[in-house]
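Notes follow the structure.
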Amino acid sequence: MENVTVFTHPLIQHKISLLRKKDTGTNEFRKLVEEIAMLEGFEALSDLPLEDVEVDTPIETCMTPMIAGRKMAIVPILRAGLGMVPGILALVPSAKVGHIGMYRNEETHEPMEYYCKLPHPIEERTIVVCDPMLATGGSAVDAICRIKEYGGKNIKFMCIIAAPEGLKRLAAAHPDVQIYVGHLDRELNKDAYICPGLGDAGDRIFGTK
Ligand code: PRP
Ligand code: URA
């Protein structure tokens, strides 16, 4: 799958292992999600365009590269994607933030959209869609379809843990989208939870259930 990057960086792997522990509490869990998102974002945004601008240093005036324009959008898939936003915003504080609300039907595991608000104009922006969990892939596939309907073109997807099933489905449905995965896990169980996974990411970030 040409459009997929699976991270091997030891810091990302270490932090994901801490996330998996069932006794990692909400506070630490949130911090880890934020840190992993920042580490992944550092690599995922390595192709942001630069432009030379004039800067006065204490020594002289020089032309020096800065990120071109202020045209990025971060789009978390609610709820769990919200946990990744601060980490990416730490890298690009000027990014706009859109939201897509999706929840999985517990029986069919099909995603249901309940909210969508994207920054305008979306077609000119580099869009980073984030969600810690890529399980069946249904939520990510549908969220990206929706963003494309609104005109989104240059789209990246960042997750922390993926199941092989969901990764394959997303890469096939959106071959134009660059996908970044913190760790590729073994499989889905009969309830479409990722194994070994980390449980329900939304509940662990927000302390629900
Ligand atoms: C989780 C997760 C993803 C989705 C992944 O959200 O955050 O959005 O499941 O599953 P999929 O790849 O099979 O679609 P959930 O539906 O539990 O909603 P929540 O974040 O509001 O808890
Ligand atoms: N959503 C989660 O939060 N965890 C999983 O393992 C699968 C979907």
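The values are calculated or read from the model by the stated rules, or taken from the named source; none is laboratory data. Predicted, not measured: the structure shown is a model, and the values here were computed from it. With ideal geometry, Cβ positions are generated from the backbone for all residues, glycine too; neighbour counts draw on all protein chains shown. What goes into the accessible areas is simple: the full protein's heavy atoms, side chains included, and nothing from ligands, DNA or RNA. Shrake-Rupley method; radii C 1.70, N 1.55, O 1.52, S 1.80 Å.
Mind checking which residues of region 84-111 are touching a strand residue (DSSP E or B) at 6+ places or on another chain (Cβ under 8 Å), in a helix (DSSP H, G or I) and open to solvent by less than 30 Å² (accessible area, probe 1.4 Å)? Matches in region 84-111: 84, 85, 88.
Within region 62-83, restricting attention to residues that are part of a helix (DSSP H, G or I) and aliphatic (A, V, I, L, M), the residue that is least open to solvent (accessible area, probe 1.4 Å) is 80.
Looking across 43, 34, 28, one residue alone is within 22 Å of residue 158 (Cβ to Cβ), within 16 Å of ligand 1 (Cβ to nearest atom), part of a helix (DSSP H, G or I) and of a type in the set (Asp, Glu). It is 34. Just one of the numbered conditions (1) more than 14 Å from ligand 1 (Cβ to nearest atom); (2) part of a loop (DSSP other than H, G, I, E, B); (3) buried (at least 20 other Cβ atoms within 10 Å of the Cβ) is not true of residue 155; which one? Only one criterion is unmet by residue 155, namely (2). Selection within region 5-34: residues that are within 16 Å of the chain's Cα centre (by Cα) and open to solvent by 60 Å² or more (accessible area, probe 1.4 Å). The member of this set that is farthest from residue 84 (Cα to Cα) is 6. Among the numbered conditions (1) open to solvent by 80 Å² or more (accessible area, probe 1.4 Å); (2) outside any loop (DSSP other than H, G, I, E, B); (3) farther than 23 Å from residue 19 by Cβ, the only one that residue 59 does not meet is (2). Tallying residues that are part of a loop (DSSP other than H, G, I, E, B) and either closer than 20 Å to residue 202 by Cβ or open to solvent by 60 Å² or more (accessible area, probe 1.4 Å) (or both) within region 46-56 yields 3.
The number of residues in region 172-187 being in contact with a strand residue (DSSP E or B) (Cβ under 6 Å, 6 or more places away or on another chain) and either closer than 24 Å to residue 14 by Cα or within 13 Å of ligand 1 (Cβ to nearest atom) (or both) comes to 10. Within region 83-116, restricting attention to residues that are without any contact (Cβ under 8 Å) to a residue 40 or more places away in the chain and away from ligand 1 (no atom under 16 Å from the Cβ), the residue that is nearest to residue 29 (Cα to Cα) is 89. Contact annotation: residue pairs with Cβ atoms under 7 Å, 6 or more positions apart or on different chains, pairing a residue in region 191-208 that is acidic (Asp, Glu) with a partner that is more than 8 Å from ligand 1 (Cβ to nearest atom), are 200/209; 203/209. When 202, 197 are checked against the criterion of being in a helix (DSSP H, G or I) and closer than 22 Å to residue 24 by Cβ, 202 stands alone in meeting it. Residue-level check: of (1) in contact with a strand residue (DSSP E or B) (Cβ under 6 Å, 6 or more places away or on another chain); (2) closer than 23 Å to residue 162 by Cβ, residue 80 misses just (1). Taken together, 35, 28, 60, 51 contain a single residue that is among the acidic types (Asp, Glu), on the phi < 0 side of the Ramachandran plot and touching a Pro at 6+ places or on another chain (Cβ under 8 Å), which is 51. For region 160-169, the condition holds for at least one residue, the condition being that it is without any contact (Cβ under 8 Å) to a residue 24 or more places away in the chain, open to solvent by 20 Å² or more (accessible area, probe 1.4 Å) and closer than 28 Å to residue 2 by Cβ.
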